[in-house]
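Inspection log for the structure reproduced underneath, given as structure tokens.
The values are calculated or read from the model by the stated rules, or taken from the named source; none is laboratory data. Since this is a predicted model, take the numbers as computed values, not measurements. Heads up, the Cβs are rebuilt from the backbone with ideal geometry, glycines too, and the neighbour counts pull from every protein chain shown. What goes into the accessible areas is simple: the full protein's heavy atoms, side chains included, and nothing from ligands, DNA or RNA. Shrake-Rupley method; radii C 1.70, N 1.55, O 1.52, S 1.80 Å.
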Amino acid sequence: MHQVDSRYRTSKWYGGSGEIVPHPADGAFSVRAQFTIESDVRVMHGVFEPHNAFLADYYREYGRCVMVVDQTVDELYGEGIRGYFDAHGLPHRSLVVRAWEVDKHQPLVDRIMHFFAEQRVSRHEPVLIVGGGVLADVGGLAAALSHRRTPYVMIGTTIISAIDAGPSPRTCVNGHRFKNRLGAFHMPVLTIADHSFFRTLHPAHLRHGMAEILKMAFIDDHALYTLLAAHGERLVETRFGTLVDDPALTAVADTVLYRALRSYLGHEGTNPWEVHQARPHAFGHTWSPGYELPAGLLHGHAVSSGMALGATMAAEMGWIDGGERDAIIELCSRLGLAVHHPVLGDFDLMLDAQAMMIEKRGGTLWAPLPKGAIGACDYAERVEPSLLKATLATQKRLTAGLPREGLGIQMHRSDLGMG
Ligand SMILES: NC(=O)c1ccc[n+]([C@@H]2O[C@H](COP(=O)([O-])OP(=O)(O)OC[C@H]3O[C@@H](n4cnc5c(N)ncnc54)[C@H](O)[C@@H]3O)[C@@H](O)[C@H]2O)c1
């Protein structure tokens, strides 16, 4: 391997090495190279509280902080964020953008890249992204494309961006008939999960974010499932304990965030270029990307209905028993998440969704489904149309008798005026 002295490194987070492998028989050669990244993750309270010097110290060596901030977050916290850097004597420049699902397209990426260029951000200077999952995906992609790779720090201000989209190695925008079709693998060099931001979340945004935590519990972490079964409703009602003075609940909220991050990054963070499809955290994300946008669903309700579909299929296949299937569906439903939607009745759309996922995952479906018990999974390589049809019929029957006939509370983007 050809190692280069570390003083020539472009930035401290990225490393790598490579070698030339000759083919003596025909005189050709291959290039073999590896790339490494070090990405830190922290659960913290009050990241922009003036007494908390962590972030200011992090940026001190760059002499400034260049940031992109979600418009709603700026309205609620902008003054505090700017005041924080002022209090620490650090110059700062910010671009404030609206980042809704309908904005998750290339023009927003361009706008952010233009800002980075205007600010003359260099290849070793970490930009700061503060916002929800949409901004995490779009801002992360803008960083990936700027100078081909510009590091970024992610502060997720929604549940989804704190524990999933924020630390995710996948940055993306929607387009070309599929959600998240265009993107790049580019994970932040630092993720800060600070649940104090959750206090101002719209209850519908808080609720749909729970789906991504449930996903990790159902498929990878039984202890997390036990915590959510016991405290999930209270976490939703109190916005993760931020609306009440209850230290025990705060401790539960911290543990839930930590376990969710640990579970997610244990799989996705250690497979940051998706070199394999043993990806438990794609549970609920096999068929739903094909119907989330046409149905106008908030992401978490698409995922929860997809998890109900997956649990039902796992039971049809004998991978779990009916009790485990029902426990998965019941907990999603109890937290107000969709476990069914009329769009699931459009069989052609569901088949198309499956076909597009097979393309995306390299020719095999690789659908993670619970197996053995809640907290463990295996992967379905193919699903025959007959199995999909039977599963959809069973799911419809099982969920018809549940509260709201299986629908979620405020599950459509249009319910929030974000259609
Ligand atoms: N890259 C990945 O691996 C990955 C994983 C999961 C989800 N995602 C993506 O994440 C997106 C959903 O994320 P989301 O739910 O964060 O949506 P979002 O980014 O649209 O945020 C929801 C709303 O909350 C507002 N907001 C953000 N922080 C707030 C706060 N602290 N207080 C009040 N309002 C606040 C935003 O302005 C927005 O209106 C989807 O596009 C999904 O595809 C990506």
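Quick one: is Gln71 out of contact with any helix residue (DSSP H, G or I) (no Cβ under 6 Å at 6 or more places or on another chain) and exposed (fewer than 14 other Cβ atoms within 10 Å of the Cβ)?
Spelling it out, it is not the case that Gln71 is out of contact with any helix residue (DSSP H, G or I) (no Cβ under 6 Å at 6 or more places or on another chain) and exposed (fewer than 14 other Cβ atoms within 10 Å of the Cβ).
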A careful count of residues in the range 310-361 that are in contact with a Leu (Cβ under 8 Å, 6 or more places away or on another chain) and within 15 Å of Ser288 (Cα to Cα) gives 18
Going by the structure shown, is Val73 in contact with an Asp or Glu (Cβ under 8 Å, 6 or more places away or on another chain) and closer than 20 Å to Ser196 by Cα? no
Given the structure, is Ser305 in contact with a helix residue (DSSP H, G or I) (Cβ under 8 Å, 6 or more places away or on another chain), within 14 Å of the ligand (Cβ to nearest atom) and modelled with pLDDT of 95 or more? no
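Among the helices (runs of 4 or more DSSP H) lying completely within the range 234-351, list those that include at least 3 residues that are open to solvent by less than 20 Å² (accessible area, probe 1.4 Å) and more than 26 Å from Arg404 (Cβ to Cβ). Step through it out loud before you land on a result.
Numbers: elements: 247-264, 299-316, 322-334.
Output list reads 247-264.
Among the residues of the range 146-160 satisfying the criterion of being assigned to a loop (DSSP other than H, G, I, E, B) and touching a residue at least 60 places away in the same chain (Cβ under 8 Å), which is nearest to the ligand (Cβ to nearest atom)?
Restricting attention to the range 146-160, the residues satisfying the condition of being assigned to a loop (DSSP other than H, G, I, E, B) are 149-151, 157-158.
From the residues that got through so far, the ones that are touching a residue at least 60 places away in the same chain (Cβ under 8 Å) too are 149, 151, 157.
Numbers: Arg149: 17, Pro151: 17, Thr157: 3 Å.
Looking at the filtered set, the residue picked out is Thr157.
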Are there any pairs with C-beta distances below 9 angstrom linking a residue in the range 298-309 that is in the same structural domain as Lys104 (by TED's automatic domain parsing) to a residue that is buried (at least 24 other Cβ atoms within 10 Å of the Cβ), with the two at least 6 apart or on different chains, and if so which? none
With the condition kept exactly as written, say whether any residue in the range 194-214 is within 11 Å of the ligand (Cβ to nearest atom), of a type in the set (A, V, I, L, M) and open to solvent by 10 Å² or more (accessible area, probe 1.4 Å). yes
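On the basis of being open to solvent by 10 Å² or more (accessible area, probe 1.4 Å), away from the ligand (no atom under 14 Å from the Cβ) and assigned by TED's automatic domain parsing to the domain that holds Val173, does His92 make the cut? Explain how you work it out, then say what you get.
Numbers: open to solvent by 10 Å² or more (accessible area, probe 1.4 Å): yes; away from the ligand (no atom under 14 Å from the Cβ): yes; assigned by TED's automatic domain parsing to the domain that holds Val173: yes.
It is true that His92 is open to solvent by 10 Å² or more (accessible area, probe 1.4 Å), away from the ligand (no atom under 14 Å from the Cβ) and assigned by TED's automatic domain parsing to the domain that holds Val173.
Just for helices (runs of 4 or more DSSP H) wholly inside the range 1-118: which have at least 3 residues that are small (Gly, Ala, Ser) and under 30 Å from Phe240 (Cβ atoms)?
Numbers: elements: 54-60, 71-87, 106-118.
The qualifying helices (runs of 4 or more DSSP H) are 71-87.
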Enumeration of residues in the range 30-83 that are of a type in the set (A, V, I, L, M, F, W, C), under 24 Å from Tyr264 (Cα atoms) and within 15 Å of the ligand (Cβ to nearest atom): Val41, Met44, Val47
Test: residue in the range 180-188 that is open to solvent by 10 Å² or more (accessible area, probe 1.4 Å), closer than 23 Å to Gly296 by Cα and within 7 Å of the ligand (Cβ to nearest atom): yes
